[in-house]
Structures are given as C-alpha cells and as structure tokens.
Amino acid sequence: MKFRISRYNPDVDSEPYMQEFDIEVSRGMMLRDALLEVKRQDETFNFRHSCGEGVCGSDGVNVNGTNKLACITAIADLKEPVEVRPFPGRPIIRDLVVDMSQFYQQYKAVDPWLVREDPMPEQEILQSPEDRDKLDGLYECIMCGCCSTSCPSFWWNPEKFHGPQALLSAWRFLADSRDQATDERLDKLEGPYKLFRCHTIMNCVEVCPKGLNPTQAIGNIKNLMLKKAI
Amino acid sequence: MSRKASGLKAWVIQRVTAIYIAVFSIYLVGALITDAPINYAEWKGWFAGSVMSVATLLFVLSVLMHAWVGVRDVLIDYVWNTSQRVIALSVVATILIACALWATQALVLARLV
C-alpha cells in the first residue's frame with residue numbers, strides 16, 4: 001500500500017516535503033504499525049507514539065486531511081495513497097513531531113484543577129452520583145491535540161484563543177460540584193479571544209478520537225456566563 | 001466597540017438581533033408577497049405608520065449591530081496588524097453608521113412630508 005509521508009529535518013530541509021513509502025499491510029493493521037514499518041525502512045523518520053491503544057494521546061497525526069490517532073486508525077479504512085502529515089498549524093520539530101507548547105499553555109491557563117474556598121475536609125470531598133454524571137464526556141480527554149489543531153480559530157490565534165481542548169477542560173471544572181471558583185473562572189474567560197473566538201465550526205467534535213464534544217462544552221460555558229450576567 | 005462589549009455582550013447582541021432580523025424579514029417578505037404596495041404613496045404610507053416606522057428603525061439598528069459584531073469577528077480572525085485592523089474597523093463602522101443614518105432619514109421624511 002502506498003503511503004505519502006511528510007518529511008522535514010530543520011538542519012537539512014528548507015521546507016517539508018512528501019516522501020513515498022510502499023508498505024506491506026496485514027490484516028488488522030493500524031496506522032501506527034505502518035508508521036513503525038516506515039521507520040524500519042528509513043530510520044531517520046520520526047513520529048511520537050507510546051501506548052498504542054488510544055490512551056496516551058501521543059500519536060496524533062493528520063491523515064488524508066483529518067486529525068486522527070494513528071494507533072486506533074485502521075489501515076483498511078484509509079484511502080490510498082495514505083497521506084500522513086503533522087498536525088496543521090503547529091511548528092514542526094521534525095517529520096511528524098510538532099511543538100505543542102502553546103496547546104499546553106492554553107490548558108494551563110484555564111486552571112485545570114479543583115479550587116476550594118471551604119477548608120479541605122479530612123478525607124474526600126463528597127459528590128452525589130448525579131453531580132458525578134455531569135463530568136462524563138469531559139474528564140475522558142487525553143489531550144492528544146486532535147481537536148485544537150483542527151480548529152481554524154486556534155490556527156489564527158493560538159496564543160490568545162484557548163482552543164477546544166482547554167475550553168472542554170474549563171467546562172470540566174465549571175461543571176464539577178466540588179469546585180468553588182465558578183465566578184473567577186468565568187471572569188478569566190471574558191473578552192473577545194479566550195472563549196469567544198469559537199464560531200462553532202465543530203471540527204473539534206468531528207475529529208475527537210474519544211467522541212467528546214468540545215463545542216457543547218463551549219456552549220455550556222457561554223450559557224452559564226449569560227445566566228450569571230442577568 | 002469597547003473592551004467591555006467584546007466578549008459575552010457581543011455574542012448576546014449577535015444572537016438577539018438575529019432573532020429580530022429573522023422575524024422582521026419574514027414579516028416583510030410575507031407582506032410584500034400577500035399585500036404589496038402598488039405605488040409610491042401606498043409604499044410611503046406603509047412605512048409612515050408609527051408601528052411600522054419604529055419596527056423598521058429597530059430592524060435597521062439590529063442589522064447595524066449584527067453586522068458590526070460579525071465583521072469585527074472576521075477582522076479579529078484574519079487581520080492581525082493593529083493599524084490595518086483599526087483602519088478596516090473604522091471603514092466598516094463609517095459605512096454602517098452612514099447606512100443607519102440614511103435609513104433613519106428616509107423613515108423620518110416619510111412621516112413628515
């Protein structure tokens with residue numbers, strides 16, 4: 001099967017180029033296996049990967065124009081030639097390896113931890129099963145970056161717009177009954193950029209390998225803001 | 001628009017004005033299909049009525065605000081250079097305000113003359 005892989009070595013190349021590889025595919029083969037096969041053919045080729053089962057979120061790549069996790073993308077479902085590129089809009093470090101610093105900075109900016117005003121209880125902070133259910137579809141994010149790097153708003157303003165991943169995380173803590181910093185969190189999201197660059201394009205929903213819905217989370221944040229404002 | 005109006009307020013303005021624009025447009029198109037004014041005097045009389053006059057002014061204002069938020073969004077996304085953005089926003093604002101004033105003038109004259 002024909003693969004066209006984006007190659008770039010900043011020490012040698014002036015810009016990325018596509019290199020063709022012929023990979024013998026086997027039944028049940030995943031894209032990650034094919035990329036490992038590419039690496040066997042050409043050991044200068046680089047890509048990130050780790051767990052190989054869609055849990056660590058390391059091997060996000062752009063396949064035939066869509067961001068996917070290579071380890072849970074079956075070769076059989078892909079159209080030939082398979083074009084594999086690094087995440088769009090991110091500075092390329094080498095081949096398929098990109099610099100995700102801004103992505104992590106945006107995540108950090110939403111204070112992704114529980115904030116308590118009350119004194120900490122001796123043991124755990126109790127939460128009803130119903131309140132716990134509100135976190136379903138939010139806590140599962142593995143931060144692979146498929147969503148944010150497929151978002152045009154994040155391409156245009158990655159240093160100011162939080163992006164779908166960080167905003168999903170923001171809502172994960174706003175929705176948590178144990179968190180007591182709702183107003184502070186909402187105040188931090190005000191302004192034209194951090195939250196309101198989202199134009200509900202919904203690329204994030206389409207690509208999320210975990211089936212999460214950042215657009216819905218962003219809508220929930222806006223509604224909560226509105227509710228608190230009137 | 002001020003920094004205060006930039007986030008939530010702009011978002012709410014865009015949605016509220018969208019509803020009014022939609023409702024008024026449906027009424028306008030419906031009225032033009034079912035009972036269109038056949039001459040200038042009838043046309044003028046239609047817009048000189050106090051309810052229609054105010055409703056139309058509200059419509060013009062809604063379009064103005066809706067367009068401002070929308071165009072501002074596009075400019076924030078695609079024009080990063082500050083001076084270029086200021087110029088673009090000024091041009092858009094001038095055109096929108098001119099349109100609004102022109103429409104207001106027409107509506108006021110329809111009632112006066």
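The values are calculated or read from the model by the stated rules, or taken from the named source; none is laboratory data. Computed from a predicted structure; not experimentally measured. Neighbour counts run over all protein chains shown; Cβ positions are idealised from the backbone, glycine included. Only protein heavy atoms, including side chains, enter the accessible area calculation; ligands, DNA and RNA are left aside. Shrake-Rupley method; radii C 1.70, N 1.55, O 1.52, S 1.80 Å.
Listing for the model above:
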{"read-out": "A:N213 crowded, with 16+ Cβ neighbours inside 10 Å, away from chain B (no Cβ under 14 Å), free of Cβ contacts under 8 Å to residues at least 60 places away in the same chain and within 30 Å of A:P86 (Cα to Cα)", "value": "no"}
{"read-out": "Number of positions in segment A:38-55 that are over 16 Å from A:V98 (Cβ atoms) and under 15 Å from the mean Cα position of the chain (by Cα)", "value": "2"}
{"read-out": "Filter result (in contact with a Lys or Arg (Cβ under 9 Å, 6 or more places away or on another chain) and buried (at least 16 other Cβ atoms within 10 Å of the Cβ)) within segment A:17-42", "value": "A:F21, A:I23, A:L31"}
{"read-out": "Residues of segment A:182-195 satisfying the condition of being at the interface with chain B (Cβ under 10 Å from one of its Cβ atoms), of a type in the set (D, E, K, R) and either outside any loop (DSSP other than H, G, I, E, B) or surrounded by fewer than 18 Cβ atoms within 10 Å (Cβ to Cβ) (or both)", "value": "none"}
{"read-out": "Single residue of segment A:106-133 satisfying the filter (open to solvent by 100 Å² or more (accessible area, probe 1.4 Å) and touching a residue at least 12 places away in the same chain (Cβ under 8 Å)) that is farthest from the chain's Cα centre (by Cα)", "value": "A:E117"}
{"read-out": "Residue check for A:F173: of a type in the set (A, V, I, L, M, F, W, C) and within 11 Å of chain B (Cβ to nearest Cβ)", "value": "no"}
{"read-out": "Any hit, segment B:12-29, residues being modelled with pLDDT under 90, more than 12 Å from chain A (Cβ to nearest Cβ) and more than 30 Å from A:L224 (Cβ to Cβ)", "value": "no"}
{"read-out": "Among the candidates A:P129, A:P91, A:P112, A:P86, residue that is touching a Pro at 6+ places or on another chain (Cβ under 9 Å) and either at pLDDT 95 or above or closer than 23 Å to A:D187 by Cβ (or both)", "value": "A:P86"}
{"read-out": "Conditions (1) surrounded by fewer than 20 Cβ atoms within 10 Å (Cβ to Cβ); (2) in contact with a Phe, Trp or Tyr (Cβ under 8 Å, 6 or more places away or on another chain): number failed by A:D95", "value": "(1)"}
{"read-out": "Residue, surrounded by the fewest Cβ atoms within 10 Å (Cβ to Cβ), within segment A:134-173, restricted to residues that are touching a strand residue (DSSP E or B) at 6+ places or on another chain (Cβ under 6 Å) and part of a loop (DSSP other than H, G, I, E, B)", "value": "A:G145"}
{"read-out": "The listed residue being farther than 11 Å from A:R172 by Cβ and of a type in the set (D, E), out of A:E124, A:E140", "value": "A:E124"}
{"read-out": "Residue within segment A:43-61 that is among the small types (G, A, S), surrounded by fewer than 18 Cβ atoms within 10 Å (Cβ to Cβ) and under 20 Å from A:C208 (Cα atoms) present", "value": "yes"}
{"read-out": "Some residue of segment A:196-209 being among the hydrophobic types (A, V, I, L, M, F, W, C), touching a residue at least 60 places away in the same chain (Cβ under 8 Å), within 14 Å of chain B (Cβ to nearest Cβ) and open to solvent by 10 Å² or more (accessible area, probe 1.4 Å)", "value": "no"}
{"read-out": "Hey, A:L96 closer than 11 Å to A:M30 by Cα and either touching a residue at least 24 places away in the same chain (Cβ under 8 Å) or assigned by TED's automatic domain parsing to the domain that holds A:V38 (or both) or not", "value": "no"}
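One line per residue, one yes/no per condition, for (1) touching a Ser or Thr at 6+ places or on another chain (Cβ under 7 Å); (2) in a helix (DSSP H, G or I); (3) open to solvent by less than 30 Å² (accessible area, probe 1.4 Å); (4) under 30 Å from A:L195 (Cβ atoms):
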residue: B:K9; (1), (2), (3), (4): no, yes, no, yes
residue: B:I33; (1), (2), (3), (4): no, yes, no, no
residue: B:P37; (1), (2), (3), (4): no, no, yes, no
residue: B:W46; (1), (2), (3), (4): no, yes, no, no
residue: B:V74; (1), (2), (3), (4): no, yes, no, yes
residue: B:V86; (1), (2), (3), (4): no, yes, no, yes
residue: B:C99; (1), (2), (3), (4): no, yes, no, no
